[in-house]
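None of the figures in this text is laboratory data; all of them are computed from the coordinates on show. Just so you know, these numbers come straight off a predicted model, no measurement behind them. Backbone-built Cβ (ideal geometry, glycine too); neighbour counts: all protein chains shown.
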Amino acid sequence: MPPRPHAPKAANSRHGGAGVYPPAPHNKGMPVQIGRRESDFTHPLGLLSDCHRRIERFLNVLLTLSRTRAGSALDSAESASLRAALDYFRDAAPEHTADEEESLFPRMRAAGALAELDQLESDHAAAAAAHAEVDALGSRWLDAGSLPAESATRLADLLLQLDETYRRHIALEDSEIFPAAGRVLSREQLAEVGREMENRRIRARTER
Ligand SMILES: [Fe+2]
Ligand SMILES: [Fe+2]
């Protein structure tokens, strides 16, 4: 997924814009992103929230295509948007999960366990399973040019389930978990989180 999902200043269609579709309806009321400078690895909590905005944008691409095209033939712009969204959730989104589960949450637990962290990790597992199925269905849509009705319905159901999960999950992380991390973790601990996030992306780039 070069450049990486959290790479500051990334603005290509894969990581910045999400194709031809407007922001997700549930983005209403969230800070306007246009022209906003993204956080960098020295501000890991801001970077994690920036990633949430990308998740919302790419999920909205999938929801819009599912709703408007329902498995029927796509034009070239729609195909490109679908491919970019599938790529994002296959390659980049798992790094966000690793940032939380391997870098942020363990330090928060050590500083005083939060019950919500267990639920958030269970959401990650459920979302990963749903995304694997979405990826298979979306790839089939791209390869075959269309989807049978039952597959299109299954794709729509999975995306609605993901939308519901992400709304609750992201709201909790943005409004409670990340602010709590800012209070309970030291400046050095947050710097370590940022370094681990950066190294995770350097490693992934090297391995691809
Ligand atoms: Fe999360
Ligand atoms: Fe998150």
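Of note:
- A Cβ-based charge dipole, computed about the Cα centre of the range 50-207 with Lys and Arg at +1 and Asp and Glu at -1, lands at about 320 debye.
- Furthest towards positive pole of dipole, ALA181, SER139, LEU159, structure part the range 130-208, Cβ charges: ALA181
- Using the Cβ-Cβ distance between ARG167 and GLU188 with R0 = 25 Å, the FRET efficiency computed as 1/(1 + (r/R0)^6) comes to roughly 0.15.
- Geometric extent, Cα atoms of the range 93-148 - Rg, Dmax (angstrom): 16.0, 51
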